[in-house]
Amino acid sequence: MRREERLDDQELSIREALDTQQSKMWTAIPAIVVDVDLSAQTLSAQPSIQAVVRDKDNKTTNVTLPVLINVPIVFPRGGGFALTLPVAAGDEVLIVFASRCIDAWWQSGGVGVQVEQRMHDLSDGFAILAPTSQPKKLSGVSSTSVQVRNEAGTTYVEIDSSGKIKLVSPSEVKVASPSIILDGNAQVTGNLTVDGNLTNSGIVFLNHRHGGVSIGTDFTLPPS
């Protein structure tokens with residue numbers, strides 16, 4: 001016999017009833033990515049926190065929740081721009097559950113009716129990138145600038161509070177554009193290779209020739 005039945009404790013019975021009802025309401029839970037479909041922008045994820053199940057004898061058991069499938073990925077997006085990430089199995093995410101069924105919205109967008117009357121259900125999650133457990137926390141996080149970086153911190157684009165932009169990469173940096181404009185002074189430390197033509201103050205360097213010199217061992221004057 002349960003304690004509230006022995007003591008006829010009405011308040012305790014109400015509390016337990018409310019706790020039972022609340023345990024069926026899902027709000028948010030950390031999870032580990034199992035599989036990713038970037039074409040559909042969804043993923044499957046294993047919830048990282050087990051559920052507590054109580055049997056008829058009031059005995060509790062910890063149970064691993066089922067893998068959540070077809071969870072929409074939340075990429076930062078707005079105004080015609082988006083920031084995408086190569087989400088992969090093993091990544092950690094936060095699954096946030098909608099208060100109502102999202103099936104019709106996910107399929108067609110816009111405003112529509114609810115396909116089912118479920119609320120705070122495991123079927124209606126969104127994957128937010130990405131909370132981090134202590135074993136997976138980033139190292140060397142800057143406290144003075146914003147960075148777009150790899151996890152190791154070896155490659156990044158950084159903007160500090162003064163507006164200075166820094167790009168660091170241990171390998172090749174490639175810019176693909178039909179035209180690049182540098183409005184200001186440019187300094188190159190190291191070698192500069194130009195595969196094509198180079199124009200400086202209207203002077204085209206490719207096949208550029210100087211007159212008024214004789215072929216021999218003499219040198220032209222330095223730039224002035």
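Structure notes:
- When each of Ile49, Ile14, Ile32 is tested for being at pLDDT 85 or above, at negative phi and outside any strand (DSSP E or B), the lone residue that passes is Ile49.
- Residue in region 85-98 that is in contact with a Ser or Thr (Cβ under 8 Å, 6 or more places away or on another chain) and under 30 Å from Ser13 (Cβ atoms) present: yes
- Tabulated pairs, region 178-197, first over 16 Å from Lys166 (Cα atoms), second in a loop (DSSP other than H, G, I, E, B), C-beta under 6 angstrom, 6+ apart or interchain: Asn197/Leu206
- Residue within region 158-177 that is surrounded by 10 or more Cβ atoms within 10 Å (Cβ to Cβ), in contact (Cβ under 8 Å) with a residue 60 or more places away in the chain, under 30 Å from Ile73 (Cα atoms) and not aliphatic (A, V, I, L, M) present: no
- Residues of region 77-132 satisfying the condition of being of a type in the set (Ser, Thr, Tyr), within 22 Å of Thr27 (Cα to Cα) and under 20 Å from the mean Cα position of the chain (by Cα): Thr132
- Failed criterion for Ser139 (all others in (1) loosely packed, with under 12 Cβ neighbours inside 10 Å; (2) under 19 Å from the mean Cα position of the chain (by Cα); (3) closer than 24 Å to Leu43 by Cβ; (4) not hydrophobic (A, V, I, L, M, F, W, C) hold): (3)
- Among the conditions (1) polar (S, T, N, Q); (2) more than 15 Å from the chain's Cα centre (by Cα); (3) at pLDDT 95 or above, the only one that Gln41 does not satisfy is (2).
- Scope region 27-63; condition surrounded by 11 or more Cβ atoms within 10 Å (Cβ to Cβ) and of a type in the set (Asp, Glu); matching residues: Asp35, Asp37
The values are calculated or read from the model by the stated rules, or taken from the named source; none is laboratory data. Everything numeric in this text was worked out from a predicted model, so none of it was measured. For neighbour counting, all protein chains shown are included, and Cβ atoms are generated from backbone atoms with ideal geometry for every residue, glycine included.
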